[in-house]
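The values are calculated or read from the model by the stated rules, or taken from the named source; none is laboratory data. Fair warning: this is a prediction, and the values are worked out from it, not measured in the lab. Virtual Cβ from ideal backbone geometry, glycine too; neighbours counted across all protein chains shown.
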Amino acid sequence: MFEKLQTFLEIDDEARSSAFALSQLLAPHFDRAIEEFYATVQEFDINPNVTHRTVPALKEKQKQHWLALFHSRFDDNFFSSISRIGVRHRDIELNPMWYVAGYTRLKMAFVDVIVRSDLHVVTKGQMVKTLDKYIAIDMALALSAYDAVILD
Ligand code: HEM
């Protein structure tokens with residue numbers, strides 16, 4: 001199933017090397033982007049489990065997850081992490097609507113970093129495309145874990 005999804009989204013060697021370059025570009029910006037994300041989640045009062053006490057650990061977990069994703073480390077650890085993300089969000093009764101919208105907010109912050117970089121415009125376009133593919137694969141897998149804990 002995962003192979004099929006990967007092929008469907010055209011996550012090939014070229015996309016994998018673009019994702020790696022993307023992770024390097026984003027690395028210095030993850031902390032601020034994720035911090036702003038949780039600040040907005042709190043501002044909008046989306047879920048009572050996001051508090052000043054839980055945010056530091058969430059920030060770290062989310063950052064590690066993004067790094068594993070962009071490094072295309074699609075191993076058992078990655079799949080367990082994805083599964084946990086889906087299940088934990090379901091357990092805190094986070095409507096998938098917010099999960100999808102949350103991804104979009106993070107994506108907007110990441111696109112800003114790409115746009116403001118001094119990369120060639122064609123490379124910027126390729127990176128945005130890669131970002132889309134990787135977010136789609138991550139979101140699709142986590143959402144499918146909302147209902148099924150075991151991914152085949
Ligand atoms: C409005 C949207 C979101 C809210 C309110 C939210 C809230 C939370 C909360 C409260 C937890 C802790 C659950 C627990 O263990 O009790 C959690 C876990 C987590 N969330 Fe979110 N989340 C949102 C969107 C996202 C998005 C877009 C990502 C992107 C990757 C993400 C990544 C994670 C990760 C990596 C964990 C840790 C899972 C683990 O324990 O391994 N979250 N989230």
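Are any residues in the range 1-56 closer than 21 Å to A142 by Cβ and part of a loop (DSSP other than H, G, I, E, B), and if so, which ones?
Matches in the range 1-56: M1, L9, E10, I11, F44, I46, N47, P48, N49, V50, T54.
Pairs, please: C-beta under 6 Å, at least 6 apart or cross-chain, first residue among the hydrophobic types (A, V, I, L, M, F, W, C) and in the range 28-53, second in a helix (DSSP H, G or I) and more than 11 Å from the ligand (Cβ to nearest atom)?
If the second residue must be in a helix (DSSP H, G or I) and more than 11 Å from the ligand (Cβ to nearest atom), the pairs left are A33/A109.
Of everything in the range 23-66, what is touching a Ser or Thr at 6+ places or on another chain (Cβ under 9 Å) and over 24 Å from M97 (Cα atoms)? Give them in sequence order.
Result: L25, single match.
Restricted to the range 100-118, and to residues that are under 15 Å from W66 (Cα atoms), within 11 Å of the ligand (Cβ to nearest atom) and not charged (D, E, K, R), which residue is surrounded by the fewest Cβ atoms within 10 Å (Cβ to Cβ)?
Restricting to residues being under 15 Å from W66 (Cα atoms), within 11 Å of the ligand (Cβ to nearest atom) and not charged (D, E, K, R), the top hit is T104.
Restricting to the range 64-99, what's the tally of residues that are surrounded by fewer than 18 Cβ atoms within 10 Å (Cβ to Cβ), among the aliphatic types (A, V, I, L, M), part of a helix (DSSP H, G or I) and in contact (Cβ under 8 Å) with a residue 40 or more places away in the chain?
Selection size over the range 64-99: 2.
Among (1) touching a helix residue (DSSP H, G or I) at 6+ places or on another chain (Cβ under 7 Å); (2) within 25 Å of T123 (Cβ to Cβ); (3) modelled with pLDDT of 95 or more, which single condition is H65 missing?
Among (1) touching a helix residue (DSSP H, G or I) at 6+ places or on another chain (Cβ under 7 Å); (2) within 25 Å of T123 (Cβ to Cβ); (3) modelled with pLDDT of 95 or more, H65 violates only (3).
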